[in-house]
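The values are calculated or read from the model by the stated rules, or taken from the named source; none is laboratory data. The model shown is predicted, which means the values in this text are computed figures rather than measured ones. Here the Cβ positions follow ideal geometry from the backbone for every residue, glycine too, while neighbour counts run over all protein chains shown. Just so you know, the surface numbers come from the protein's heavy atoms only, side chains and all, with ligands and any DNA or RNA stripped out. Shrake-Rupley method; radii C 1.70, N 1.55, O 1.52, S 1.80 Å.
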Amino acid sequence: MDKRNGKGYERYKNGDIFLGQYHKGKCSGKGRRFWVERGETYEVEWVDGKIHGVGQWTLPYGGETRKDPA
């Protein structure tokens, strides 16, 4: 089976969405994760399927902050 490379998206069972770059089937490069139920977005660099560095949270009421999601 071919692994995803380049731009793409994935919708998870709970409705959340990842939109961004893939390399060898894993999130790699710039990407956004949308938490649909919470109305939040996190944009950050990804490496080998994991968050790498500090990203930008966008909150449902329009607030933004830079922080690590952990």
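Scan segment 1-46 for residues that are among the polar types (S, T, N, Q) and more than 14 Å from the chain's Cα centre (by Cα) and jot them down. Talk me through it step by step, then tell me what you get.
In the first step, residues of segment 1-46 are kept if they are among the polar types (S, T, N, Q); the result is 5, 14, 21, 28, 41.
Residues satisfying the conditions are N5, N14.
List every residue pair whose Cβ atoms sit under 9 Å apart, with the two residues 6 or more apart in sequence or on different chains, where the first one lies in segment 19-48 and is touching a residue at least 24 places away in the same chain (Cβ under 8 Å) and the second, anywhere, is outside any strand (DSSP E or B) and hydrophobic (A, V, I, L, M, F, W, C).
none
Would it be correct to say that G55 is in contact with a Cys (Cβ under 8 Å, 6 or more places away or on another chain) and either of a type outside the set (D, E) or open to solvent by less than 60 Å² (accessible area, probe 1.4 Å) (or both)? Before you say what the answer is, go through the steps one by one.
Numbers: in contact with a Cys (Cβ under 8 Å, 6 or more places away or on another chain): no; either of a type outside the set (D, E) or open to solvent by less than 60 Å² (accessible area, probe 1.4 Å) (or both): yes.
No: the conditions fail for G55.
Taking segment 19-44 as the search range and keeping residues that are open to solvent by 80 Å² or more (accessible area, probe 1.4 Å) and assigned to a strand (DSSP E or B), which one is farthest from G6 (Cα to Cα)? Quick ask: steps written out before the conclusion?
Initial filter on segment 19-44 (open to solvent by 80 Å² or more (accessible area, probe 1.4 Å)): 19, 23-24, 26, 30, 32, 36-38.
Restricting the remaining residues to those that are assigned to a strand (DSSP E or B) gives 19, 23, 26, 30, 32.
Numbers: L19: 11, H23: 6, K26: 10, K30: 11, R32: 14 Å.
Applying the filter and picking the extreme gives R32.
Looking at segment 58-70, which of its residues are at pLDDT 80 or above and open to solvent by 60 Å² or more (accessible area, probe 1.4 Å)? Don't jump to the end; show me each part of the working.
Residues of segment 58-70 that are at pLDDT 80 or above, as a first pass: 58-61.
Matches in segment 58-70: P60, Y61.
Restricting to segment 5-18, give me the number of residues that are outside any strand (DSSP E or B) and open to solvent by less than 100 Å² (accessible area, probe 1.4 Å).
Just the residues of segment 5-18 that are outside any strand (DSSP E or B), to begin with: 5, 12-16.
Those still in the list that are open to solvent by less than 100 Å² (accessible area, probe 1.4 Å) too: 5, 12, 15-16.
Going through segment 5-18 one residue at a time, the tally reaches 4.
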